[in-house]
Amino acid sequence: MKKFYSVIGSVLGFIIILLYALKNVQALVGFTFEGMDEIFGYFNLVQQYLIYALAGIAGLELVSGKKLIAAIFFIILAFVVVSTFFPDVLNNII
């Protein structure tokens, strides 16, 4: 299972670096076209999701086979995902 997590993590890492490279080239060269702001808005959103996914996959790779540590990791990961993508849920609880 660690090999599977490693492959998925490598692919996600590559995509994240590719998106950063595209944003940096646009900032340095300054090319623009119609709809570019909307496209880069989607890039930023996808990048945020990919960073969370990569961190989750790396954590899963680390805790695979360790049941107690994995349970703690899943609780922390669930808290991060819920508080990031569904902040109203935490506001209702608190």
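Tell me which label goes with the value of Rg and Dmax of the Cα atoms in Å computed from the coordinates here: (i) 13.3, 39; (ii) 12.4, 40; (iii) 17.0, 52.
(iii)
Taking 0.36 nm per intervening residue step and subtracting the Cα-Cα distance, what contour gain separates VAL80 from ILE93 on full extension?
Taking 0.36 nm per residue and subtracting the Cα distance, the gain is 3.2 nm.
Quickly estimate the mean residue ellipticity at 222 nm for the chain, helices only: each DSSP H run with n ≥ 4 gives -39500 (n - 2.57), and the total goes over all residues, rounded to 500.
Numbers: 4 runs with 82 residues, N = 94.
The helix-only estimate for the chain comes to -30000 deg cm²/dmol at 222 nm.
Lysine pairs in the chain 8 or more apart or on different chains: how many have alpha carbons under 29 angstrom apart?
Lysine pairs satisfying the spacing and distance rule in the chain number 4.
So what are the ³J(HN,Hα) numbers for segment 5-21, from phi and the Karplus equation (6.51, -1.76, 1.60; θ = phi - 60°), rounded to whole Hz, Gly and Pro as x?
Whole-Hz 3J(HN,Hα) from phi for segment 5-21: 4, 5, 5, 4, x, 5, 5, 4, x, 4, 5, 4, 5, 4, 5, 4, 5.
Throughout, read-outs are computed from the coordinates displayed, never taken from laboratory work. The shown structure was predicted, so the numbers you read here are calculated from the model rather than taken from an experiment.
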